[in-house]
Amino acid sequence: MRVKPGEADRVLAAAVATLRKLDPRRVITEKQTYRQIRDEFFASDRAMAVLLVGVCVALLIVTALGIVGLASFWVGQRRRQIGVRRALGARRVDVLRYFQTENFLLTSIGIGIGMVMAYGINLLLMWQYEAPRLPAAYLPAGAVVLWLLGQVAVLAPALRAAAVPPVVATRG
């Protein structure tokens with residue numbers, strides 16, 4: 001039955017009373033609305049979706065931390081090189097752009113390999129298990145998210161590299 005919002009419990013109680021009046025021997029063990037039945041049925045699917053989203057977010061955080069760590073290592077290893085570039089006239093924005101571009105290229109290579117592998121695995125799943133085709137928008141959307149994540153993650157180490165004074169090149 002369709003009822004107005006907020007009246008489902010009252011109508012359900014009235015329906016149970018009417019059924020009992022029609023047949024007093026009727027056994028009614030549970031009384032639930034369709035919404036309650038549907039929510040109970042899909043509870044495990046919803047929990048699995050939340051778990052998968054949590055795992056994806058955790059993996060993105062670990063990836064971002066890895067990029068920050070690797071970029072910080074590169075900055076430490078190239079401190080003298082950065083100082084020489086600054087002494088030869090490179091501006092802070094040039095050093096920043098260098099690290100951002102380097103990270104963008106590395107991220108692009110990884111995204112390209114990942115997209116090819118994701119497409120191949122999807123074809124395999126379609127062939128083996130008759131799984132549905134991966135929606136076309138997922139791969140470009142994932143690529144954009146990963147590019148943005150890579151650029152944001154490398155920003156702090158790149159800013160630290162841009163702040164290296166030219167005098168560092170003269171120190172041993």
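The alpha carbons of the stretch 24-97 give a radius of gyration and a Dmax of 28.7, 96 Å, in that order.
Of all the options ILE28, ILE37, ILE109, the one that moves most in a Gaussian network model of the chain with Cα springs shorter than 10 angstrom is ILE28. Per residue, the convex hull spanned by the alpha carbons of the stretch 69-137 comes to 107 Å³.
Between LEU159 and LEU12, the distance separating the two model label sites (each 7 Å from Cα on the Cα→Cβ line) works out to 5.3 nm. Accessible surface of the stretch 42-152, 1.4 Å probe: 75 percent of it comes from carbon and sulfur atoms.
Grab the other residues whose beta carbon is less than 12 angstrom from that of PRO157, score K and R as +1, D and E as -1, and report the net. Walk me through the numbers on the way to the answer.
Working: positive: ARG78, ARG79, ARG160; negative: GLU102.
Summing Lys/Arg as +1 and Asp/Glu as -1 gives +2.
For the chain, the percent of C-alpha pairs falling in each 10 Å distance bin, counted from 0 to the bin holding the largest distance, reads 8, 20, 19, 14, 13, 11, 7, 5, 2, 1.
So what is the accessible area of the chain per residue, in Å², with the probe set to 1.4 Å?
On the way: 12840 Å² over 172 residues.
Each residue of the chain exposes 75 Å² on average to a 1.4 Å probe.
The values are calculated or read from the model by the stated rules, or taken from the named source; none is laboratory data. Just so it is clear, the structure is predicted and the values come from calculations on it, not from any experiment. With ideal geometry, Cβ positions are generated from the backbone for all residues, glycine too; neighbour counts draw on all protein chains shown. For accessibility, only protein heavy atoms count, side chains too; no ligands or nucleic acids. Shrake-Rupley method; radii C 1.70, N 1.55, O 1.52, S 1.80 Å.
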